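To keep things clear, I will list the structure first and then write my remarks on it.
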Amino acid sequence: AGTLYIVPTPIGNLGDLSPRAQQVLTDVAAIAAEDTRHSRQLLQQFAIQNEVFALHEHNERERAQAVIARLLAGDDLALISDAGTPLISDPGYVLVQQCRTAGVRVVALPGPCAITTALSAAGLPTDRFSFEGFLPAKPQQRRKVLTALLEEPRTMVFYESPHRILATLEDLAATIGPDRQMVMGRELTKQFETYLSGSIAEVMAQVQADSNQQRGEMVLMLAGATLVESDVDVATALRTVAILRQHLP
Ligand code: SAM
């Protein structure tokens, strides 16, 4: 049987496609991609001419069995997403899970990922962290998720879209409180890469003051709660206020 290779692609800087990734993408029988047009452009830059077929969140479930049949027949295949590491807020989970069930070998290449890139430059504790993915788009649900994270002691990492960045920062201030330390990493590995750090209120003020900070791709990182015994009452009070806020207009 063949092997399914999980291949990370650049999150901005083309120099980040590793030599091994290039080799695998050249050698496999075909490449499953989230967006075939987008990925063909990337592959073209590396003169990789290979078969590319679509595997995205809308067809992953129905395509998985055909992909596995091809792997079982002996073809090596690669999975890529639009940017960064597949399966990290990207398609691939269903396929990999079914490969494991079918006994197909899965090999992941290490490579670009916005989480590790942002976290390693943020200056927040990294000994433990919690990846929270994208927050809900609806304000009510977003606040509910954030409120549940009030006492999380680990550094938290969120993916966010530029359309919601201001609303999310406001919700962070309202639920977690304006004083918690945070870092926002934007356009990582690209020309306008920026890190904003400080309290939630300070980062929010910088984003509000400069509309450029409301554009592009962004990762939010929030310091974990550092509760000492005497803070427990404060935490309870904050949680109560946060819950009450959810019920206010
Ligand atoms: N699989 C990707 C990875 O490994 O990071 C993530 C895919 S997810 C659909 C896209 C989100 O990742 C963006 O909305 C943003 O939050 C984050 N992201 C991706 N590239 C980024 C970059 N260059 N700078 C900052 N954030 C980025």
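The values are calculated or read from the model by the stated rules, or taken from the named source; none is laboratory data. Source: prediction; values computed, not measured. FYI the Cβ positions are ideal-geometry reconstructions off the backbone, even for glycines, and counts take in every protein chain you see.
So which residues in the range 59-75 are touching a helix residue (DSSP H, G or I) at 6+ places or on another chain (Cβ under 9 Å) and within 18 Å of Thr36 (Cα to Cα)?
Residues satisfying the conditions are Glu60, Arg61, Arg63, Ala64, Val67.
Quick one: which of Arg70, Arg63 is within 28 Å of Glu217 (Cβ to Cβ) and charged (D, E, K, R)?
It is Arg63.
Please count how many residues of the range 169-199 are of a type in the set (Asp, Glu) and away from the ligand (no atom under 15 Å from the Cβ).
The number of residues fulfilling the criteria is 3.
Only one of these conditions is not met by His38: (1) within 22 Å of the chain's Cα centre (by Cα); (2) assigned to a helix (DSSP H, G or I); (3) more than 13 Å from the ligand (Cβ to nearest atom). Which number is it?
Single failed check for His38: (3).
Can you tell me how many residues within the range 34-78 are of a type in the set (Val, Ile, Thr) and in contact (Cβ under 8 Å) with a residue 24 or more places away in the chain? Show your work before the answer.
Initially, the range 34-78 is screened for residues of a type in the set (Val, Ile, Thr), giving 36, 48, 52, 67-68.
Subset that is in contact (Cβ under 8 Å) with a residue 24 or more places away in the chain: 48, 67-68.
Total satisfying the criteria: 3.
Restricting the range 41-57 to residues that are part of a helix (DSSP H, G or I) and in contact with a strand residue (DSSP E or B) (Cβ under 8 Å, 6 or more places away or on another chain), which is farthest from Thr116 (Cα to Cα)?
So the residue we want is Leu43.
Being touching an Asp or Glu at 6+ places or on another chain (Cβ under 9 Å) and either among the polar types (S, T, N, Q) or at pLDDT 95 or above (or both) is the filter here, so list the residues in the range 201-236 that pass it.
Ala201, Met204, Arg215, Gly216, Glu217, Met218, Val219, Leu220, Leu222, Gly224, Ala225 - these are the residues of the range 201-236 that are touching an Asp or Glu at 6+ places or on another chain (Cβ under 9 Å) and either among the polar types (S, T, N, Q) or at pLDDT 95 or above (or both).
Looking only at the range 194-234, how many residues end up being in contact (Cβ under 8 Å) with a residue 12 or more places away in the chain and assigned to a loop (DSSP other than H, G, I, E, B)?
Count: 8.
For the range 1-33, what are the residues that are of a type outside the set (Gly, Ala, Ser), in contact with a Gly (Cβ under 9 Å, 6 or more places away or on another chain) and either surrounded by fewer than 16 Cβ atoms within 10 Å (Cβ to Cβ) or under 24 Å from Ile115 (Cα atoms) (or both)?
Within the range 1-33, Ile6, Val7, Pro8, Thr9, Pro10, Ile11, Asp16, Leu17, Arg20 meet the criteria.
Hey, Ala1 hits all of (1) assigned to a helix (DSSP H, G or I); (2) more than 25 Å from Val157 (Cβ to Cβ) but one; which does it fall short on?
For Ala1, the exception is condition (1).
Among the strands (runs of 3 or more DSSP E) confined wholly to the range 69-151, which include 1 or more residues that are crowded, with 16+ Cβ neighbours inside 10 Å, more than 17 Å from the chain's Cα centre (by Cα) and away from the ligand (no atom under 14 Å from the Cβ)?
Passing ranges, in order: 77-80, 105-108.
Of these, Ala122, Ala66, Ala83, which one is at pLDDT 95 or above, within 28 Å of Ser199 (Cα to Cα), among the aliphatic types (A, V, I, L, M) and out of contact with any Leu (no Cβ under 8 Å at 6 or more places or on another chain)?
It is Ala122.
Any residue in the range 133-160 that is at pLDDT 95 or above and of a type in the set (Gly, Ala, Ser) sitting within a Cβ distance under 7 Å of a residue that is assigned to a helix (DSSP H, G or I) and within 13 Å of the ligand (Cβ to nearest atom)? List the pairs, counting only those 6 or more apart or interchain.
Short answer, once both residue conditions are applied: Ala137/Arg164.
Any idea which of (1) within 16 Å of the ligand (Cβ to nearest atom); (2) buried (at least 16 other Cβ atoms within 10 Å of the Cβ); (3) closer than 29 Å to Asn13 by Cα; (4) in contact (Cβ under 8 Å) with a residue 40 or more places away in the chain is the one Leu166 doesn't satisfy?
Among (1) within 16 Å of the ligand (Cβ to nearest atom); (2) buried (at least 16 other Cβ atoms within 10 Å of the Cβ); (3) closer than 29 Å to Asn13 by Cα; (4) in contact (Cβ under 8 Å) with a residue 40 or more places away in the chain, Leu166 violates only (2).
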